[in-house]
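Remarks on the structure that follows.
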Amino acid sequence: MEKRNTALIGLDLTQMDQVILENTHKVIQLLNLEKIYFMHIAEDLALPEDIASTYPNLLAPIDESIEKEILNKVKSLNLPTEVKIEVTAEEGHPIEKLLRWSKIKNIDYIIMGRKKELKGSGALPKRIAQKAPNSVLFLTEDMSDNEFKKFIVPIDFSKHTEVVLEKVEKFIKSNNNAAIQYLHVYEVPIGYHKTGKTYEEFAEIMLKNAQKEFNAMVEKHKIEKHPCDFILKGNQSSADHIMDAALRHEADMVVIGSRGRSDSAAILLGSVTEKLVHINYKIPMLVIKKKGENMSFIEALLNI
């Protein structure tokens, strides 16, 4: 029986919350969720002292009021009855609180909004993507009402790609209509001219090698051979190529590993993924992590 997962959804009491809540049904189906923690974290939940003393009966404790407001919104969604719900409002540093809850509740996914125009800086999601010990799903403020059916999946044939493949195969099995478009960005190594070959000739060699690796990956993991775009990097960054491809294919979601072949020694997040998190305000994106891969960092943080 397939394992069901838990998710922590961060809400900040802005318009972005509505986008997240409206797409919760789709997220439950995609990630096979069995429990969701809806959480709002504020650095200070207290009323100013002069207001509180002047109007002692103004309202219930702020955290309780926020929890009630969120719970009412969640109830209006009519989520599946088998999905357990817990709502909480916490006071403290947002990143530290989210990471602490991720560890304590053994969370599989953190789900957050990715803003561009709506109120809020959008800095928190980027830092959570870097430091979270679990996978992170970003929902964008202008995402369409489409179902999650068309996935762009960047791959580089590293061990981190294998983790992504496991998730993607589950998406395919749970959604027979899912369309998977793999994407590999290859480049000509520095010093190619020492081989006596032109740039174009060596680019062709690298392309054929990438195609060979892709076929070997399909054979090794016995996965369906969905189409793969092979793109020469050139002067454009890999992250920009991925965004261009996602828009060109009208993807509903980008699914990418937290690290790649060239980032195997990265402490927190691979450079391509980090840049993609930074520039992608348009398309929902799932950053797949091997659960607990940043746990040593979390342990150190929680013991401060």
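Suppose every K and R has +1 on its Cβ and every D and E has -1 on its Cβ; what is the size of the dipole of region 144-283 about the Cα centre, in Debye to the nearest 20?
Computed charge dipole of region 144-283: roughly 320 debye.
Through the Karplus equation 6.51 cos²θ - 1.76 cosθ + 1.60, θ set to phi - 60°, convert the phi angles of region 16-21 into ³J(HN,Hα) values in whole Hz; use x for Gly and Pro.
Taking θ as phi minus 60°, the curve returns 4, 4, 5, 4, 5, 5 Hz for region 16-21.
Students often get this wrong, so check it: of K126/K167; K75/K116; K150/K208; K68/K149, which have C-alpha atoms separated by over 32 Å?
In this structure, K68/K149 exceed 32 Å between Cα atoms.
Y199 versus Q29, label points 7 Å from Cα toward the beta carbon: distance in nm?
4.6 nm
Give a residue-ordered list of calculated ³J(HN,Hα) values for region 64-77 (Karplus: 6.51 cos²θ - 1.76 cosθ + 1.60, θ = phi - 60°; whole Hz; x for Gly, Pro).
Here the 3J(HN,Hα) series is 5, 5, 5, 4, 5, 4, 5, 4, 4, 5, 5, 4, 5, 7 Hz.
List the residues, sorted by chain then number, that are 5 or more residues from A179 or on another chain and whose placed amide H is less than 5 Å from its amide H.
Distant-sequence amide H within range of A179: K150, F151.
By per-residue mean of other Cβ atoms within 10 Å, what is the highest-first order of 19-29, 190-200?
Final packing ranking: 19-29, 190-200.
Starting with the highest mean, order 6-17, 213-224 by the number of other Cβ atoms within 10 Å, averaged over the residues of each peptide.
Ranked by mean Cβ neighbours within 10 Å, highest first: 6-17, 213-224.
Between rounded, prolate and oblate, where does region 144-283 land on the alpha carbon gyration tensor, with a ≥ b ≥ c its root eigenvalues, rounded for a/c under 1.5, else prolate if a/b exceeds b/c?
prolate
For a quick check: with amide H placed at 1.01 Å from N, whose amide H comes under 5 Å from I41's, ignoring anything fewer than 5 positions away on the same chain?
L11, E90
Taking amide H positions as placed in the peptide plane 1.01 Å from N, state which residues far from I231 in sequence (5 or more) or on other chains have amide H under 5 Å from it.
Amide H neighbours of I231, under 5 Å, 5+ apart: H184, V185, Y186.
Can you check what the Kirkwood hydrodynamic radius comes to for region 177-217, Cα pairs only, in Å to one decimal?
Radius from the Kirkwood sum: 11.8 Å.
Read-outs: derived from the displayed coordinates by stated rules, not from any lab. These figures come from a predicted structure and were not determined experimentally. Here the Cβ is made from the backbone with ideal geometry for all residues, glycine too, and neighbour counts use every protein chain on show.
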